[in-house]
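The values are calculated or read from the model by the stated rules, or taken from the named source; none is laboratory data. All values reported here derive from a predicted model rather than from experimental measurement. In this analysis, Cβ positions are derived from the backbone assuming ideal geometry, glycine residues included, and neighbour counts consider all displayed protein chains.
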Amino acid sequence: MKKIFFDTNILLDVFGKRNPFYEDAAQLWSLAEKGKINASISAISFNNVYYVIRKAQGQEVADFAMRCLRDEFNVVDLTSQILNQAIDSKISDFEDAIQYFSAVHVEADFLITRNPDHFPKTSFSIMSSDEFLAVQ
């Protein structure tokens with residue numbers, strides 16, 4: 001089974017129903033729900049999603065989002081190793097660096113993000129939701 005790491009922006013596309021990205025992100029999420037992919041997210045995605053969803057949609061929706069994330073995804077803990085790798089990396093966006101090294105930590109086959117060009121070329125594939133769905 002393919003190991004897929006979801007960047008926070010994919011999760012926000014689903015919860016926020018952000019067009020034109022929602023449909024592809026929701027299809028990808030559905031693959032995780034059905035157990036067709038082994039899906040992981042970083043622990044930092046919880047606070048990022050919570051903050052954005054609470055501001056946009058309120059406390060109740062944000063709480064619901066937290067339960068969904070907890071129940072549907074494997075959570076990659078933010079370890080000191082991941083943190084140190086992110087700090088020492090040349091990735092310009094610190095949050096992206098944490099996401100990247102979290103994917104490395106779980107030996108992901110794919111990192112799915114809306115911003116593939118923000119990440120370094122690596123041994124695993126970094127692509128958008130629509131790109132991933134096109135190769136399935």
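Brief remarks on what is shown
- For the stretch 84-100, the set of residues classified as in a helix (DSSP H, G or I) and more than 12 Å from the chain's Cα centre (by Cα) consists of N84, Q85, A86, I87, D88, F94, A97, listed by residue number.
- Qualifying residue in the stretch 110-125 (condition: in a helix (DSSP H, G or I), modelled with pLDDT of 95 or more and surrounded by 13 or more Cβ atoms within 10 Å (Cβ to Cβ)): no
- Residue check for Q85: of a type in the set (S, T, N, Q) and loosely packed, with under 15 Cβ neighbours inside 10 Å: no
- Against the conditions (1) at positive phi; (2) surrounded by 14 or more Cβ atoms within 10 Å (Cβ to Cβ), I98 satisfies every one except (1).
Let's see how each residue does on (1) more than 13 Å from the chain's Cα centre (by Cα); (2) of a type in the set (D, E); (3) within 26 Å of S123 (Cα to Cα); (4) at pLDDT 95 or above:
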position: T8; (1), (2), (3), (4): no, no, yes, yes
position: V14; (1), (2), (3), (4): no, no, no, yes
position: D24; (1), (2), (3), (4): yes, yes, yes, yes
position: L31; (1), (2), (3), (4): yes, no, yes, yes
position: Y51; (1), (2), (3), (4): yes, no, no, yes
position: R54; (1), (2), (3), (4): yes, no, no, yes
position: V61; (1), (2), (3), (4): yes, no, no, yes
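Here's the yes/no breakdown for (1) touching a helix residue (DSSP H, G or I) at 6+ places or on another chain (Cβ under 9 Å); (2) of a type in the set (D, E, K, R); (3) more than 25 Å from H118 (Cα to Cα):
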| site | (1), (2), (3) |
| --- | --- |
| F5 | yes, no, no |
| K34 | no, yes, yes |
| A62 | yes, no, yes |
| M66 | yes, no, yes |
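- Wholly within the stretch 2-79, strands (runs of 3 or more DSSP E) carrying at least 3 residues that are buried (at least 19 other Cβ atoms within 10 Å of the Cβ): 3-6, 38-42
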